[in-house]
Every structure is written in structure tokens, then in C-alpha cells.
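**Q** Dropping a structure here in C-alpha cells format, bear with me for questions.
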Amino acid sequence: MFEQRLNELAARHLTRRLTPLHSGVGPVVEMAGRQILLLASNDYLGLATHPEVIQSAIEATQRFGVGAGAARLVSGSLPPHQELESALAQFKGTEAALTFGSGYLANIGTIPALVEQGGLILADRLCHASLIDGCRLSTADFRIYRHNDTSHLKSLLVKRRQARRTLIVTDGLFSMDGDLAPLPELSRLAQEYEADLYIDDAHGTGVMGPHGRGTAEHFGIEAQIPFQMGTLGKAFGSSGAYLAGTSMLVRYLMNTSRSFMFTTAPPPSSAAAAIAALQVMQREPERRARLWANRERLFSGLTQLGFTLSPSASPIMPILVGNADTALSFAESLFTEGVYAPAIRPPTVPDATSRIRVTVTSEHTSSHIDQALIAFQRAGESAGLI
Ligand SMILES: Cc1ncc(COP(=O)(O)O)c(C=O)c1O
């Protein structure tokens, strides 16, 4: 049965395999014994390998050990977790924040707790898999609206039974397309139809907004969004996630979110690393400025080369290819040219929309980007894409 399923995946060019990485994530990494330009990580601000962030993780490990021992409700809550939550609440301008072991855990634990049987969840078609799984785990009814289509969402809100608890769920910045959710319109609809808005800002946190507070800050509507989730494994360079909101919300989730209650707390080192990352991020806004300058240079270079890019508004710049096999062979040619940017295929993206997902970070230099553009030109020409 397993073999048959694997053979089916292989026939459709959908098999996944791991590419060994022999150095920490950075602009240039060691893969297959070569120095490769990495255009794939979500470590947007280069904090995963920042000395201060590493030092903070080391000190927390020396003081508190490598593991938390149990769930925080069981064996006690360590200072790094508590301090991180205070720092995140201050950063997000909310009363409180609750941390989780990962973004996946945050989404699958909070959504079922926020809306239960009798309620309704309306989610964007391109929501991240963890949001979709969270919606499926909820006992509420679950409907999908077309990507960023607020008219479609409105029609579903109009059709719903009265007085039904309703949750609108969206990515703030879509992970595989790099575009933004129309948050002001979503928030307006939520208010008009007495629904709540849940944003997963995994990719927006640290990247979007004048202070990096995320997509809601970018649109100037932070105070209007009751449930803001973000991750610590992307621009924060560490791992984990948070839900920011009122103190009541945090107390409620602490008592109802199964992925908070029934799992060992993240290692104290991850929390300490995230605290240090937040400090560096706030002290050095020039990191975000470099990230955006790099994004502009690469985006305009790829456009000028003639690639079809998704309508990205962020450092995530997917090159749309279509077939899974073309995406794979394009990724392989890029690797031969010294660039790693992964082929993203179904089920991560809808059928016939396979792509190369290109990301930049603040740590790439102009010459890295120019080198990448030469590689894209060569690989794109040989794949017949430009
Ligand atoms: C939009 C989005 N939400 C949630 C997640 C899951 O976060 P984590 O990697 O921390 O589990 C990811 C990516 O991993 C993501 O892109």
C-alpha cells in the first residue's frame, strides 16, 4: 500500500525528498559539497545565526537545561517563556500573548477552541495547511471563500444563519504567493456581519509594517483584529509561535487549546533566542530596510528577465511554472547554476500552479542578487520559461 502510493506520487512528479544542508541557514550555504546561494529560507532578517541570538539560547540552556520537562501547566512555567510572552505582547501592542511550540500547533490548537459546534468558519482558499487543519479539527461548519475575494466572502456571510458565531480565517501574507490579504476590507466585513477575524501572520511578522509588527500594522488596523497569530521560526530565526490578544483570550486558550495544554513546552533556549531576536529586530531597523531593498532588486530583475511572477508584495516571490515536472527540472537547473530555490508542488499549492518559491533575506548582498539573476537567466532559458 505504501509502495503503491509512493509510486503514484512519483508518476505525478510529486515525491518529496530531503536535501542535506551542511551549514546554518544564511545567504550562502553548503549543500552537496558546494557553496550554494540560498533563496529559500524564511529567516528574513538573518537572525537564526546572529551571535547575540545564539548566545541567548546558550545561556538559557546552561541555566534551565535543554528541555522544559513537561507542558507548562504541568511542571511549571520557566522564565524565558514568561518573558517572551510579555515582550511579544508589548511588541504587538496587545494586553497579552500566549506561545506555542510551532505555528502549526498554534493554528490547530486555537481555531477549534475559538469556534465550536453551531459556529461557522470561513477561510481563504489559499490559507496555509495548518490553518486548514485547524478549521477541520473544529466542530464548527467550515467553508472556503475564493482567494482574497471579499465579494465571495460577503455572499457566504449573508447566507449564514443569524446569530451564529463566525470566524474569518486568513494568512496576513500568503506563504506560497507572497501577496497580502485585503485586511481592511476583511475587518470591515467582520464588523458588519459580527464575525471575528483570525490572521496568521507567520510571514508578515518582522517583515511588514513600519516597525515590523506585521500585516495589520502595514494596513494600520492592528487594534481591529482580535486574533493575531505569528511565528518565531521565520523572521525571528528561532522556533515557536504566538497568539496575541486580550488577557481574557490568553487565559481562555490556556484552558482550552489542546496544542498548548497537551504538549511539552518548547525548549527554554528557543524562547530565549526569540527574546534576543526581537531585541535585535527592534534595535536594527536597517535589517528590514536591507530586506526590502534586496526584494526590489531581485523582483525587478526577475520581471525584466521575462519570468511570470505571482502578484507578490513581499520578499516571497514565486515564479509560476505550471507543471510539477517543469518546476522540478527548473529547480535542478538552478541548483546546477549554484542557486537553491525549491519547486513547490501540489498539495502545497493548487494543481497546475507549481512554482519556484524564491525568498530573499536582509543578509544577501547586491552581488548575491546579481549572481542569482545570472543563474535564473541561464536556467530559465534552458527550461524554455523565458
Ligand atoms: C502561513 C503559515 N502559517 C503557519 C506555518 C507553520 O509555522 P511553523 O513552521 O512554526 O509550524 C507556516 C510555515 O511553516 C506558514 O507559512
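**Q** Arranged by the count of other C-beta atoms within 10 angstrom, fewest first, what order do Met176, Met1, Met254 take? Spell out each step's value before the answer.
**A** Details: Met176 20, Met1 5, Met254 14.
By the 10 Å Cβ count, ascending: Met1, Met254, Met176.
**Q** Still on this structure: Under 20 Å between alpha carbons, and skipping anything fewer than 8 positions from Lys92 in its own chain: which lysines qualify?
**A** Excluding near neighbours in sequence, the set is Lys234.
**Q** Explain nothing, just the number: relative contact order of the stretch 51-283, from Cα pairs under 8 Å at least 6 residues apart, as a whole percent. Don't jump to the answer; show the numbers that get you there.
**A** Working: 476 pairs, mean separation 70.7, N = 233.
30 percent.
**Q** Send over the semi-axes of the stretch 281-386's equivalent ellipsoid, whole angstrom and largest first, taken as the square roots of 5 times the C-alpha gyration tensor eigenvalues. Provide the component values of the computation, followed by the final result.
**A** On the way: eigenvalues 117, 49, 26 Å².
Square roots of five times the eigenvalues give 24, 16, 11 Å.
**Q** Rank the residues Thr205, Thr359 as a footprinting-exposure proxy: fewest other Cβ atoms within 10 Å of their Cβ go first. Write out the running numbers ahead of the final one.
**A** Details: Thr205 32, Thr359 27.
Ranking Thr205, Thr359 by Cβ neighbours within 10 Å, fewest first, gives Thr359, Thr205.
**Q** Name the long-range amide H neighbours of Ile144: under 5 Å, sequence gap of 5 or more, or other chain; modelled H, no Pro or chain starts.
**A** So Ile144 has HN proximity to Ala123.
**Q** Then there is this: For Asp124, Asp133, what's the fewest-to-most ordering of other Cβ within 10 Å of each Cβ?
**A** On the way: Asp124 24, Asp133 16.
Listing Asp124, Asp133 from fewest to most nearby Cβ atoms yields Asp133, Asp124.
**Q** Taking the mean number of other Cβ atoms within 10 Å as a proxy for protection, how do you rank 165-171, 153-159 from highest to lowest? Could the numbers behind the result be given before it?
**A** Details: 165-171: 24.0, 153-159: 15.1.
The most tightly packed comes first, giving 165-171, 153-159.
**Q** If r is the Cβ-Cβ distance from Thr15 to Asp149 and R0 is 35 Å, what FRET efficiency results, to the nearest 0.05? Could you put the intermediate results ahead of the total?
**A** Values: r = 33 Å, r/R0 = 0.94.
Rounded to the nearest 0.05, the efficiency is 0.60.
**Q** What distance in nm separates the two pseudo spin-label positions at Ser23 and Ala289, each 7 Å out from Cα along the beta-carbon direction?
**A** Between Ser23 and Ala289, the label points sit 2.7 nm apart.
**Q** Per-residue HN-Hα couplings for the stretch 316-328, Karplus 6.51 cos²θ - 1.76 cosθ + 1.60 at θ = phi - 60°, whole Hz, x for Gly and Pro?
**A** The phi angles translate into 9, 10, x, 9, 7, 10, x, 6, 5, 5, 5, 4, 5 Hz.
**Q** Suppose only helical runs count, i.e. DSSP H with n ≥ 4. What mean residue ellipticity at 222 nm does that imply for the chain under -39500 (n - 2.57) per run, divided by all residues and rounded to the nearest 500 deg cm²/dmol? Each step should come with its number before you reach the end.
**A** On the way: 15 runs with 168 residues, N = 386.
Taking each H run of at least 4 residues, the total per residue is -13000 deg cm²/dmol.
**Q** Report the extension gain between Thr308 and Glu192 in nm, rounded to one decimal, defined as 0.36 nm multiplied by the number of residues separating them, less their alpha carbon distance. The partial results should precede the final answer.
**A** On the way: separation 116, 0.36 × 116 = 41.76 nm, distance 3.72 nm.
Length gained, Thr308 through Glu192: 38.0 nm.
**Q** Cross-link partners among aspartates and glutamates for Lys159, C-alpha distance below 15 Å, same-chain residues fewer than 8 apart left out?
**A** Straight-line reach from Lys159, under 15 Å: Asp141, Glu192, Glu194.
**Q** Apply the Karplus curve 6.51 cos²θ - 1.76 cosθ + 1.60, θ = phi - 60°, to the phi angles in the stretch 262-270 and return the couplings in whole Hz, x for Gly and Pro.
**A** Listing the rounded values in order: 10, 8, 4, 4, x, x, x, 4, 5 Hz.
**Q** Taking the Cα centre of the chain as origin, work out the dipole magnitude from +1 charges on Lys and Arg Cβ and -1 charges on Asp and Glu Cβ, in debye rounded to 20.
**A** Numbers: 33 positive and 35 negative charges, 131 e Å.
Magnitude of the dipole: close to 620 debye.
**Q** For the chain, how big is Rg over Rh, using alpha carbon atoms and the Kirkwood form of Rh?
**A** Rg/Rh: 0.97.
**Q** For a quick check: with amide H placed at 1.01 Å from N, whose amide H comes under 5 Å from Ala40's, ignoring anything fewer than 5 positions away on the same chain?
**A** HN-HN under 5 Å from Ala40: Thr359.
Since every read-out is calculated from the coordinates, none of them should be taken as a lab result. What you see is a predicted model; the values in this text were computed from it and never measured. Every residue, glycine as well, gets a Cβ built from its backbone with ideal geometry; the counts of neighbours run over all protein chains shown.
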